[in-house]
Structures are given as structure tokens and as C-alpha cells.
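The values are calculated or read from the model by the stated rules, or taken from the named source; none is laboratory data. All values reported here derive from a predicted model rather than from experimental measurement. Cβ placement follows ideal geometry from the backbone for every residue including glycine, while neighbour counts extend to all protein chains displayed.
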Amino acid sequence: MMNEKKNKLVYYAQDFGALIALALLIIGISIVSPEFRTVDNFFSLLRQSSINGLIAFGMTFVILTDAIDLSVGSVLALSTALCAGMITAGVPVGLAMLLSLVIGALLGLVSGLLVTKGRLQPELMGQTAIEVAKKLLAGETVEKSIPVEVELITK
């Protein structure tokens, strides 16, 4: 009887442990900081985590094929820096976003084709794509920030 209860507790901890920890964290922060419970903060959290959610969604399909793509972060950084650079150069925001999205998608497509059709190892291709993106990014940013003063979302 005691062993059965222990097994159930272990089962719940494995399946729901992260969710319970998140709930406790939200409750704790809400008690300590009333500003955390505001609607503006909720939407701010959603906006900030949406990029990671989209990346995780795409990575799910890569992982389902028994592969892994390590270059996602570098390609994201490159696309973001290119977008910011285009905006500061006077390119309209919508066009800059579209072009940076296309560039990131093309880099992913080339990487994917080299893995599937060129039969390169996914890990090797991912590392190569990381290095290519870092080299291109170094030429774009050279340890500087790119200030973009555009209000994309209005209240």
C-alpha cells in the first residue's frame, strides 16, 4: 500500500513536476510583486516568449525526424540583425521583416537540403551553419548594438 502511494507520487512528479513548479513560481511572484498580475505584464510575457515558442514549434518537426538542428539560434540572430540593419538604413519595417524572414528560411532550406539530399550529418551541417551565420553576423554587427526606434505595437 505504501509502495503504491510512492509510485503514484513519483508518477505525478515526473508528469506534472514542471507544471507544478511553474504554478508555484507564478503564485510566489504574484504575491511578492503585484505588478506581475497586470494585463500589460501578461501580454509582455506573451510577446517575449512568442519567439521561443515559434522556434520550439519548428524544432519539434526536426526532432521528430530523429535529427537536430543546432543552428537555429545563430540563424535567428543573423536574421534579427539584418532586419534591424535594414530598418535603420531606411527600409520600410514590413519589407525588412519579410526580407529577414526569407533570408532565414533560405538558410534553413539550404541546410535542410544539404542534410537530406547531400546526405550530410545533421550535427555537422548544424555546426557549419552556426559558423556561417556567426561570420555573416560579425560583418553586420561588429560588436555594436543596432538601435531601432520603431513602435511596432501600439497600445
Note to self: Taking the condition of being modelled with pLDDT of 80 or more, small (Gly, Ala, Ser) and within 16 Å of residue 109 (Cβ to Cβ), how many residues in the stretch 50-73 meet it?
What the structure shows: 1
Item checked: Residue satisfying condition, being among the polar types (S, T, N, Q) and over 26 Å from residue 100 (Cα atoms), within set 49, 44, 71, 33 -> 33
Check: Here are some residues: 66, 15. Which one is among the acidic types (Asp, Glu) and either over 30 Å from residue 121 (Cβ atoms) or surrounded by 10 or more Cβ atoms within 10 Å (Cβ to Cβ) (or both)?
Finding: 15
Item checked: Which numbered condition residue 40 fails, given (1) surrounded by 10 or more Cβ atoms within 10 Å (Cβ to Cβ); (2) part of a helix (DSSP H, G or I) -> (1)
Margin query: For the stretch 88-99, check the following and say yes or no: at least one residue is in a helix (DSSP H, G or I) and among the small types (Gly, Ala, Ser).
Written below: yes
Notebook entry, point to check: How many residues does the stretch 53-87 hold that are among the polar types (S, T, N, Q), outside any helix (DSSP H, G or I) and touching a residue at least 40 places away in the same chain (Cβ under 8 Å)?
Noted result: 1
Checklist line | Leading residue by the ranking (nearest to residue 66 (Cα to Cα)) among those in the stretch 92-121 that are among the hydrophobic types (A, V, I, L, M, F, W, C) and surrounded by 15 or more Cβ atoms within 10 Å (Cβ to Cβ) | finding: 115
Next item on the list: Go through the stretch 85-96 and give me each residue that's touching a helix residue (DSSP H, G or I) at 6+ places or on another chain (Cβ under 8 Å) and at pLDDT 85 or above.
Entry: 86, 87, 91, 93, 95, 96
